[in-house]
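Structure first, then comments.
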Amino acid sequence: MSEHRNMRAPPVHPDATGRIMIDLNNNTLSQLPPQTKRFPYDRSKVRAGIVHLSVGNFHRAHQCWYMDQLLAQPGYENWGFCGIGLLDDATERLKTEAFPAQDDLYTLTRYDTDGSAQHQVIGSIVEYLFAPPEPETILARLSDPAIRIVSMTITEGGYNQEPGTGAYRLDNPLTKAELADPSHPRSAFGYIVEALRRRRDAGGKAFTVLSCDNLRDNGVITRNAVLTHAHALNADLAIWIEANVTFPSSMVDRITPAVHKEDADRVNAECGVHDLLPVISEEFAQWVIEDHFSDGRPDLDKVGVQFVKDVHPYELAKVRMLNASHSMLAYPGQLAGLSEVKQAIDQPLIHRLVDDFMTHDVIPILKQPEGMDLNAYKNKIIARFSNPKVGDRLARITGDGGSKLPTFIAPTLQIVAERGGDLRRIAFCIACFIRYLRGVDDKGQRFEPFEPHLDAQQRALANDPKTALKMEMFKDFGLEEQPELPALISDYDAAMQKHGTLAVLEEVLRTASHVM
């Protein structure tokens, strides 16, 4: 276990200005400066009861933060996290060095909407493993009966879904390789299915699989992926999984930006701690989980998590309001030459677009979740976007639109169209996305779109407005049922190239109806 490693790092570290900061590890926790709080529990007693696949910033700012609070209460020592890095990239390889050096500790800085900050060290990750070089180690950990939940944040694009149908893609080359050699998995679903096979063969209990990604019915999608993968291997295994494994849906919410070097330097100076892996988030957090677990669960309701019978209304409100509004502001904002979310929401035309979109396109078609005022939630979202300290960048929001927009925007488009509503605001967002794929803003500045799930052939279709909507991702939008929509998107595209994004947005806002 990582909490027992001997530290070799020096106890202090100078920053760029020569100021001395404490290196973060078990041995220096007692020396933390007063502005940075530490957990009150004895971390040497904490053992992993949850394996989490893909330890990104959001997981560390959200699920780990909640668990850190629960571990402070007696009786939950067996619910720490074992984090698993799945991807073989520079970011994950940095973690293979930084996590051991810091005994899996890191700082979380939470900024409220008034600009105030709270700094703390999070201790709920007690083990970190890197999957690519040692799949057998990961499978052994997943097969350990002490692990009762496998959670994951693998992004919307990680669920291997066929555009248009949502079916799990057995023809994916990675999936085909895993089915041919199950003992050497690389994807979340390859690992989960093989670990469950081993548990079944050993006569052990099944773990719960808990998705924490921004997908409608993420538990249903996860269940379908696991069962389809398992059935392709062995029908009896799929039957056992269906009978023994639960896949609760969940809704997660906390704005967590990417942390660049300048961000890390700033928060490290604020914390007085030299942290190789600092995390930044807003103060607001929400986690709603369907209460359906295979082998018990931690009592996270004691620290603010909501366990409910039906996550769906909360999930729809969050995805279709916050996530969709993020996209609604990010694409025109980046095209207009802006770089941060706060800059975009402070731009009057973009601010009105976001407000109008939620007020007139989204709220009228949502069922209000119990205890949740949607108009108040809308105002809270806009205030959160305006947070002066979070520093969330538009490039983080615009990235992977090929996976995000079918989830965040397409369902609203379809319902608005069915009800005879005005599609101009949504058409404008789609036109902005298509322009974004070309990688040039209104000022002529080039940028590289981040679209890991759109290949070069698909992206090339965006170069011509007449072919752009033939991209596979638009199969989920029902465009064939809205013959006027492609022409509207093409007109906005052409107008933005001629007059600029904000000029076209002004016309959209002037002409779009406020009546559903």
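The values are calculated or read from the model by the stated rules, or taken from the named source; none is laboratory data. All values derive from a computational prediction rather than experimental measurement. All Cβ positions, even for glycine, are placed from backbone atoms using ideal geometry, and neighbour counts span all protein chains on display. We work out accessible area using only protein heavy atoms, side chains counted, and drop any ligands, DNA or RNA first. Shrake-Rupley method; radii C 1.70, N 1.55, O 1.52, S 1.80 Å.
Counting only heavy atoms of the protein chains and using a 1.4 Å probe, Phe81 has close to 10 Å² of accessible surface. Projecting label points 7 angstrom from Cα along Cα→Cβ for Thr467 and Ala235 puts them 4.4 nm apart. Straight Cα distances below 12 angstrom link Lys342 to the aspartates and glutamates Asp392, with same-chain residues fewer than 8 positions distant left out.
Considering only beta bridges that DSSP places wholly inside the stretch 56-164, some 55 percent are antiparallel.
A straight chain from Asp373 to Val440 at 0.36 nm per residue would run longer than the Cα-Cα distance by 20.2 nm.
Taking the C-alpha atoms only, the angle from helix 218-233 to the longest principal axis of the chain is near 70 degrees. Note on the chain: with neighbouring protein chains present and a 1.4 Å probe, carbon and sulfur make up 50 percent of its accessible heavy-atom surface.
When the listed pairs Lys205/Lys302; Lys37/Lys404; Lys261/Lys470; Lys45/Lys389; Lys261/Lys475 are checked against a 30 Å cut-off, the alpha-carbon distance exceeds it for Lys37/Lys404; Lys261/Lys470; Lys45/Lys389; Lys261/Lys475. Taking all protein chains as they are arranged and a probe of 1.4 Å, the heavy atoms of Lys367 leave approximately 150 Å² accessible to solvent. If both residues of a DSSP beta bridge must be in the chain, then about 35% of such bridges are antiparallel.
The lysines whose alpha-carbon is closer than 22 Å to the alpha-carbon of Lys498, local same-chain residues fewer than 8 away aside, are Lys443, Lys466.
Taking only Cα atoms, what is the 0 to 90° angle, nearest 10, from helix 188-201's long axis to the longest principal axis of the chain? The helix 188-201 is inclined about 40 degrees to the chain. Can you tell me, using C-alpha contacts under 8 Å and at least 6 residues apart, the relative contact order of the stretch 268-394 as a whole percent? Dividing the mean separation by the residue count of the stretch 268-394 yields 27 percent.
Estimated from helical segments only, the mean residue ellipticity of the chain at 222 nm is -11500 deg cm²/dmol, where each DSSP H run of four or more residues counts as -39500 (n - 2.57). Protein heavy-atom accessible surface, 1.4 Å probe, per residue over the stretch 313-449: 32 Å².
Estimated at the nearest 10 Å², the accessible area of Leu179 is 40 Å² with a 1.4 Å probe. Charge tally for Ile149 (other residues, Cβ to Cβ under 11 Å; Lys, Arg +1; Asp, Glu -1): +1.
Entry comment: accessible area of the stretch 92-176 is 36 Å² per residue, from protein heavy atoms only and a probe of 1.4 Å.
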